[in-house]
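What follows is a set of notes on a single structure, which appears directly below.
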Amino acid sequence: MNRALAVLWGLTFVALAQADTAEPVPPPPAIAEPPFRLPLLDGESRTHAPPPGRMERGALPDPRALFDLAMGCYPSRSLFRAEIALEGRAARRQAGADALNPADTAPGSGASYVGVVARIPLYSALEIDRERERELRRRKAAAEAVGALTQALAEWGVVSRKLSLFRALEKRAQERVAVGVAETGEQVQYLKDVADLEGRLNEARAKVVEARMTFIGLCAEGAPAERVDAYIRRFTRGIE
């Protein structure tokens, strides 16, 4: 009996010793950090819904009306411009004559005088040719400004529509990456496309401003320039 109790106590001691030497329970795993989320280019909060409706083309100025308005605001011109010159003559003074009045001096007398002379040509073929060349340059500059403004306004409308579509695709790609059905490279590609379109939109805006400033520079200051500027700004609201 005593021997059986001794064996039982021995087995109990061995079991307790093994329980004390067991490996400790590992701590719970740390909470993982949230996955990297690439933001949108503009950082705005929006859905991936595309812009509704069809592309709306903005109103464009009437080319002929704008050209005539620009040509009519030039400063007044004259085909025959007066020239003022200082004319002097120095020679031997003749007794009894007024040296400062050439009318009182006989021709060839050698009197000296100084006077201001105004010359107005009655007809100058060279001046007429020059005026025609200047008029041609004015008309060409106005026509180029009309074409540049029309093209910039049309380009602004197309790029704006394309940018809104690619912004929706960029947002869709971000959501696809978030759920794990697409790689980050898909969103990066659309981000690059949106950045490129933003640059083209800024270029179109700069062309509109340049064309508008060209028209103002072609006109006389004051009311003529204000009329042309007011007409152009009817079509550039929301762009500048």
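I'm trying to understand the selection: among the residues of region 40-67, which are charged (D, E, K, R), closer than 20 Å to LYS192 by Cα and free of Cβ contacts under 8 Å to residues at least 60 places away in the same chain? Passing the criteria: only GLU44. Screening region 63-77 for residues that are of a type outside the set (Lys, Arg) and loosely packed, with under 14 Cβ neighbours inside 10 Å and picking the one that is nearest to the chain's Cα centre (by Cα) gives PRO63. The set of residues from region 54-63 being at pLDDT below 85 and farther than 11 Å from ARG161 by Cα comprises just one member, GLY58. Of all residues in region 220-240, those being outside any loop (DSSP other than H, G, I, E, B), surrounded by fewer than 16 Cβ atoms within 10 Å (Cβ to Cβ) and among the aliphatic types (A, V, I, L, M) number 2. Scanning region 168-219 for residues that are acidic (Asp, Glu) and touching a residue at least 40 places away in the same chain (Cβ under 8 Å), we see that the one that is surrounded by the most Cβ atoms within 10 Å (Cβ to Cβ) is GLU170.
The values are calculated or read from the model by the stated rules, or taken from the named source; none is laboratory data. Remember, predicted model here, so these are calculated numbers, not experimental data. Don't worry about glycine lacking a Cβ; one is built from the backbone with ideal geometry, like all the others, and counts go over all protein chains shown.
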